[in-house]
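The values are calculated or read from the model by the stated rules, or taken from the named source; none is laboratory data. Worth saying up front: this structure is predicted, and the values here are computed from it rather than measured. All Cβ positions, glycine included, derive from the backbone under ideal geometry; neighbour counts span all protein chains shown.
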Amino acid sequence: MRVDTSVALNAYDAANTQNLGKERAIDDAALREQTDAFEAFLVKEVLDIALKNENPLFPKDPGDKIYNSMYNDAMSRALSGGFGFSQMLYDFLKARA
């Protein structure tokens with residue numbers, strides 16, 4: 001008596017294909033998150049250089065540097081993904097994988 005295992009093997013292959021698709025989607029989301037974070041880092045560095053507040057009208061407070069750094073960090077995270085560096089890096093890394 002011969003046992004037909006093709007149905008079981010096909011179901012197993014289909015399940016693996018679905019799981020691979022989910023893993024790829026998770027990997028793609030993680031890659032997108034990291035490329036956006038890298039773009040945010042680049043934008044923050046540019047903002048740190050461009051927005052040096054050397055205003056002689058206002059006295060220097062001890063928290064000025066901390067506040068400016070926090071402001072630039074929040075702005076860079078809000079602006080990340082909009083300049084195209086993230087997409088360009090994502091496409092490059094996706095093609096290399």
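Observations
- Scanning the range 26-42 for residues that are of a type in the set (Val, Ile, Thr) and under 11 Å from SER86 (Cα atoms) yields one hit, THR35.
- So ASN68, is it surrounded by 10 or more Cβ atoms within 10 Å (Cβ to Cβ) and modelled with pLDDT under 80: no
- When residues of the range 59-81 are limited to those that are part of a helix (DSSP H, G or I) and charged (D, E, K, R), the one farthest from GLU39 (Cα to Cα): ASP64
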